[in-house]
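Colleague: This is the structure I want to talk about, given as structure tokens.
Bear in mind these aren't lab numbers, they're just calculated from the coordinates by the rules spelled out. All values derive from a computational prediction rather than experimental measurement. Here the Cβ positions follow ideal geometry from the backbone for every residue, glycine too, while neighbour counts run over all protein chains shown.
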Amino acid sequence: MLCDLLGLKKLVPRKLVWEDRIYVGEGGGIDVPSDYAFIGGKRIILPKRLQNVLTPDEWKPILSTSLIMRSWARPRLVKTGISAALIGLTFYLPILYLDIHNSSQNLALAALANPVWAILVAVIAFVLLGRIYSPAAHKEVLTADLQVAGLIGRDLFLNTLRKIDSMGFKDVQKLEKKSSLYTQPSINERIRNLEQPPNGNERTYG
């Protein structure tokens, strides 16, 4: 299995689902990218529009990068969550202290001492910190691609990305126009990254 090849023994998806869009809530949804797999829980979600387009071998590099990114996302989310919680406490504890020792019964101070505000600050901090860390995630995709190329085959990976790019899918074209450090790398950026000579500076995982 790919997970064994990648050394990801704790990440073992059991079910493969083909969907072009994942529906969440009432009327909301997330489009499944053409060059990534969504991995959550025990499921792998692949774009249905590519179900009979790519061969099993061509899916290997796409799946491999997605699996590695899924394993790297956990530490980043934990780090972001801890930082957000500390920011919430930094906001809340001084206000709580002042409220406890306030003899004038300041209503505004009492209102701010409600734990709901600390939770709200922590949530906002989590969202903002998640955006701050986006450039790191952008770079990690390119790093993961290089590692996968070394394991699966650089030519196979490049040919797969070029094949997807040649299909003219809307999500691929849209990402190419707005690609930045705050979005996932476009297919052309991934291709350029893989076309560079290996430099040996590759992150380990497991």
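Colleague: Could you work out how far apart the two model spin labels at residue 51 and residue 83 are, taking each label as a point 7 Å from the Cα in the direction of the beta carbon, and quote it in nm?
Modeller: Between residue 51 and residue 83, the simple spin-label model gives 4.0 nm.
Colleague: Test of understanding: what is the full-extension gain from residue 12 to residue 43, defined as 0.36 nm times their sequence separation minus their Cα-Cα distance?
Modeller: 10.3 nm
Colleague: Within straight cross-link reach of residue 139, meaning Cα distance under 19 Å, which lysines are found once same-chain residues fewer than 8 apart are removed?
Modeller: 79, 177, 178
Colleague: So, one more: What does the charge add up to near residue 21, with Lys and Arg as +1, Asp and Glu as -1, over the other residues with Cβ less than 13 Å from its Cβ?
Modeller: Working: positive: 48, 49, 170; negative: 19, 20, 31, 171.
Net local charge, residue 21 excluded: -1.
Colleague: Less than 20 Å apart at the alpha-carbon level, and either on another chain or at least 8 residues along: which aspartates and glutamates does that give for residue 42?
Modeller: Correct list for residue 42: 4, 19, 20, 31.
Colleague: Under a crude label model (7 Å from the Cα following the beta-carbon direction), how far is residue 180 from residue 22 in nanometres?
Modeller: Calculated label separation equals 2.5 nm.
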